[in-house]
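Here the structure comes first, spelled out in structure tokens, and everything after it is commentary.
The values are calculated or read from the model by the stated rules, or taken from the named source; none is laboratory data. Small disclaimer: the values here were computed from a predicted structure and weren't measured. Neighbour counts run over all protein chains shown; Cβ positions are idealised from the backbone, glycine included. Side chains included, ligands, DNA and RNA excluded: accessible areas come from the protein's heavy atoms. Shrake-Rupley method; radii C 1.70, N 1.55, O 1.52, S 1.80 Å.
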Amino acid sequence: MSYWRGIIHKYKEFLPVNEKTPIITLCEGNTPLVYAENLARAIGFKGGIFLKYEGLNPTGSFKDRGMTVAISKAVEAGKRAVICASTGNTSASAAAYAAKAGLRAFVLLPKGAVALGKLSQAVIYGAKVIAIQGNFDDALYIVRKIGELMPVEIVNSVNPYRIEGQKTGAFEICDALGKAPDYHFIPVGNAGNITAYWKGYKEYYQVGKIDNLPKMMGWQAEGSAPIVKGYPIKNPQTIATAIRIGNPYSWQPALQAVHESGGLIDAVSDDEILYAYKLTASTEGIFCEPASAASVAGLIKLTREGFFKGGETVVCTLTGNGLKDPDTAMRVCEEPITLPPDVDKVVGVISL
Ligand SMILES: *Cc1c(COP(=O)(O)O)cnc(C)c1O
């Protein structure tokens, strides 16, 4: 069979699976790596920008790469139920893969801080959704306690199988480019994905599939930037809800990725994020969610500061699909015009 059967089939020699592992897949991965020459021109970047569009995974975010491995291993271990805390996308992904596997799913969400598209996914896939009157960090604390008390598998990125699956994003980029990029820009929330990408690049390097390594460039939102500030944030705030996390679980491995690779972790403001969000859509035809645009916002910021020499190859991970959060798009863009059904009136507003 030659059709795409998901990341475990494709990369099993790099993943913690064996012949007995039941592979639970929705055919995640194999996402587009889009050459973004219009964006490069618009921001004055004199090199190659590639956008890894993870919004085209089965539930609309990169979380599916980790979830296929985490759920497959949970089934292999005989687990009957999974649980997670989520800013939205982990719950959508956990609920979908649990449905496919016939497991029960319990998801804890910060009340009022999850985009409606993501909430609707968790609900329709049949998860039990529990809104916590607190933030993500509160929800994750409860999930980890319940994991100690009850026979339920935690599928947050505290689960190492999540990181294993997510590292395949780096493999796909190297397979497509024939090398690693010079720089990899990525949003940072709980910091699992930057950890996963770095692990993936290093493993490909170790087996000789690539002979260079990228500098890892992580981006937090200014109101939610514990790693940049150096201390946990009690009440993180940002429009980019998927990275609204005050005490990231993979804090240390993320710092290690940055230090080993010679990269950095910095912050961008919500205004910079929204600017990048709109520009990516209007120049490249790619609608990502606000958190995803933190990677592009970081690239714009460094380009403006004269950080690059020219000729570099840069990849930005666009972590999730903009359709999950249409409210933000409508809020930051021009209102549609309403007119009577009259040709002249419509002609009056069309300027060519
Ligand atoms: C989960 C998520 C992030 C943050 O990833 P971490 O691994 O938590 O750092 C960023 N963007 C989107 C869309 C996400 O779903």
How many residues, within segment 128-150, are surrounded by 18 or more Cβ atoms within 10 Å (Cβ to Cβ) and of a type in the set (S, T, N, Q)? 1
Quick one: would you say ASN57 is surrounded by fewer than 24 Cβ atoms within 10 Å (Cβ to Cβ) and of a type outside the set (Phe, Trp, Tyr)? no
By residue number, the members of segment 311-341 that are within 16 Å of the ligand (Cβ to nearest atom) and in a helix (DSSP H, G or I) are GLY322, LEU323, LYS324, PRO326, ASP327, THR328, ALA329
When you scan segment 290-310, do you find a residue that is modelled with pLDDT of 95 or more, within 16 Å of the ligand (Cβ to nearest atom) and open to solvent by 10 Å² or more (accessible area, probe 1.4 Å), even just one? no
Single unsatisfied condition, VAL34 versus (1) open to solvent by 40 Å² or more (accessible area, probe 1.4 Å); (2) within 16 Å of the ligand (Cβ to nearest atom); (3) touching a Leu at 6+ places or on another chain (Cβ under 7 Å): (2)
For segment 70-115, which residues satisfy the criterion of being more than 13 Å from ALA131 (Cα to Cα) and open to solvent by 40 Å² or more (accessible area, probe 1.4 Å)? VAL75, GLU76, ALA77, GLY78, LYS79, ARG80, ALA99, LYS100, GLY102, ARG104
Can you name the residue in segment 194-226 that is open to solvent by 10 Å² or more (accessible area, probe 1.4 Å) and within 21 Å of ASN159 (Cβ to Cβ) and, of all such residues, is nearest to the ligand (Cβ to nearest atom)? THR195
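Select from segment 104-128 the residues that are in contact with an Asp or Glu (Cβ under 8 Å, 6 or more places away or on another chain) and among the hydrophobic types (A, V, I, L, M, F, W, C) and list them in ascending order.
Of everything in segment 104-128, those that are in contact with an Asp or Glu (Cβ under 8 Å, 6 or more places away or on another chain) and among the hydrophobic types (A, V, I, L, M, F, W, C) turn out to be ALA115, LEU116.
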Do the conditions hold for ALA242, that is, is it hydrophobic (A, V, I, L, M, F, W, C), open to solvent by 10 Å² or more (accessible area, probe 1.4 Å), within 15 Å of the ligand (Cβ to nearest atom) and under 23 Å from ASN321 (Cα atoms)? yes
Taking LYS20, is it in contact (Cβ under 8 Å) with a residue 12 or more places away in the chain and outside any loop (DSSP other than H, G, I, E, B)? no
